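What follows is a set of notes on a single structure, which appears directly below.
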Amino acid sequence: MLSGTKLDGVALVVGAGAGIGRESAFSLAEAGARVVVFADMNEETAKSSSIESKQFATNTEYQTATFTMNVKDAKGVQDMVDFVVREFGRLDYCVNAAGVDNGVHRPLSETDIDSFDNIMYTNARGMLLCTRAQVAAMQKQDPRSFTSRSGTRDIGRGAIVNVCSANSFAGLPGKGSYTISKHACMAVTKMAGIDHTAEGIRCNAVCPAWVRTPLLDVELERNPEIRAMISAVSPLKRAAEGEEVADTIAYLLSPSATYISGSSVMIDAAITTTLRLF
Ligand SMILES: NC(=O)c1ccc[n+]([C@@H]2O[C@H](COP(=O)([O-])OP(=O)(O)OC[C@H]3O[C@@H](n4cnc5c(N)ncnc54)[C@H](O)[C@@H]3O)[C@@H](O)[C@H]2O)c1
């Protein structure tokens, strides 16, 4: 393992009860985080995931906790960040993975505005609330340094990774509301990078296409056409494993990535680099 990819600080993962958030929290524990806080609106899955993380943790002082919140609630988001700083002293790494997909495919002309409002409220506004509160907490703490083969450097006050989507850059026919919300999530990430990198706070995005989560597995079981579509458009003929996204997140939060900010990593096996899918 590169020494720069090792973590040792306090992590907060929002949406850690399932899917990409849960896998990310496990990767941060495996990469050496001293604390991982599992935040989710689902108290039960946050608790079971938090307990499960202990088997992957490599830091001998590993501690884990949970926090029940909803990214739609500004006070709940602030309380979550205050909880982490109060209980564990600082906030080094954040992952914002809570998000929803409105499911239905409809052309833009048939956009349901209630559904649009809901998805924007959760995905875009929710990501802004989380990033805003996390940056504000990081601004108040001292920067840390890291010593490697090229000497000692300032690695800043903290780092954030927002889970965006391949739809943060490319549209999917009939997925207007989701695509618009994910473009906005990327804008939150870029603006945090623009406004706060000079303060030693980095913010980046991961942009996956399809990721194998329990939810996608159910969908693939129910609708074999989706499996055939993924196989047709992905050069790797499969969805990404959750771990393939989670480990990239751990890297982006680590000292190895301290010159990366306001940026994004597309995790799509080159799907979005083509002008035509067939
Ligand atoms: N799975 C994929 O194929 C895929 C691909 C690209 C992008 N994404 C994005 O990744 C993110 C996570 O997706 P996933 O597939 O892991 O989803 P998931 O449904 O498996 O997990 C999401 C977690 O977030 C929590 N959550 C949802 N809404 C919340 C809210 N309002 N407040 C607090 N917690 C909330 C859920 O309880 C759940 O534990 C989403 O933003 C999604 O758009 C997923």
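The values are calculated or read from the model by the stated rules, or taken from the named source; none is laboratory data. What you are looking at is a predicted structure, and each value in this text was computed from that prediction instead of being measured. As a convention, Cβ positions derive from the backbone with ideal geometry for all residues, glycine included, and neighbour counts pool all protein chains shown.
Descriptive notes on the structure:
- Screening residue 229 against (1) surrounded by 13 or more Cβ atoms within 10 Å (Cβ to Cβ); (2) more than 17 Å from the chain's Cα centre (by Cα); (3) within 30 Å of residue 137 (Cβ to Cβ); (4) hydrophobic (A, V, I, L, M, F, W, C) leaves a single unmet condition, (3).
- Test: residue 259 is more than 15 Å from the chain's Cα centre (by Cα) and either basic (Lys, Arg) or away from the ligand (no atom under 14 Å from the Cβ) (or both): yes
- Filtering segment 48-72 to residues that are assigned to a helix (DSSP H, G or I) and crowded, with 17+ Cβ neighbours inside 10 Å leaves 49, 50, 53.
- Note on segment 140-188: among residues that are away from the ligand (no atom under 16 Å from the Cβ) and β-branched (Val, Ile, Thr), the one that is farthest from residue 27 (Cα to Cα) is 152.
- Residues (under 23 Å from residue 211 (Cα atoms) and not aliphatic (A, V, I, L, M)) located in segment 132-164: 162, 164
- Segment 80-97, subset part of a loop (DSSP other than H, G, I, E, B) and more than 10 Å from the ligand (Cβ to nearest atom), residue farthest from the chain's Cα centre (by Cα): 89
- Residue match in segment 36-43 (condition: surrounded by fewer than 24 Cβ atoms within 10 Å (Cβ to Cβ), within 24 Å of residue 211 (Cα to Cα), more than 18 Å from the chain's Cα centre (by Cα) and within 14 Å of the ligand (Cβ to nearest atom)): yes
- Flag if residue 90 is basic (Lys, Arg) and surrounded by fewer than 18 Cβ atoms within 10 Å (Cβ to Cβ): yes
- Within segment 101-139, the set of residues being within 13 Å of the ligand (Cβ to nearest atom) and modelled with pLDDT under 95 comprises 101, 102, 103.
- Being in a helix (DSSP H, G or I), under 18 Å from residue 13 (Cβ atoms), within 15 Å of the ligand (Cβ to nearest atom) and of a type in the set (Asp, Glu) holds for only one residue in 243, 219, and it is 243.
- Scanning segment 12-35 for residues that are buried (at least 24 other Cβ atoms within 10 Å of the Cβ) and away from the ligand (no atom under 16 Å from the Cβ) yields a count of 4.
- Condition check for residue 77: crowded, with 18+ Cβ neighbours inside 10 Å and either part of a strand (DSSP E or B) or within 10 Å of the ligand (Cβ to nearest atom) (or both): yes
- When the residues of segment 230-278 are filtered to those that are among the charged types (D, E, K, R) and touching a residue at least 40 places away in the same chain (Cβ under 8 Å), the one that is farthest from residue 160 (Cα to Cα) is 268.
- The residue that is nearest to the chain's Cα centre (by Cα), among those in segment 262-277 that are among the aliphatic types (A, V, I, L, M) and over 30 Å from residue 150 (Cα atoms), is 269.
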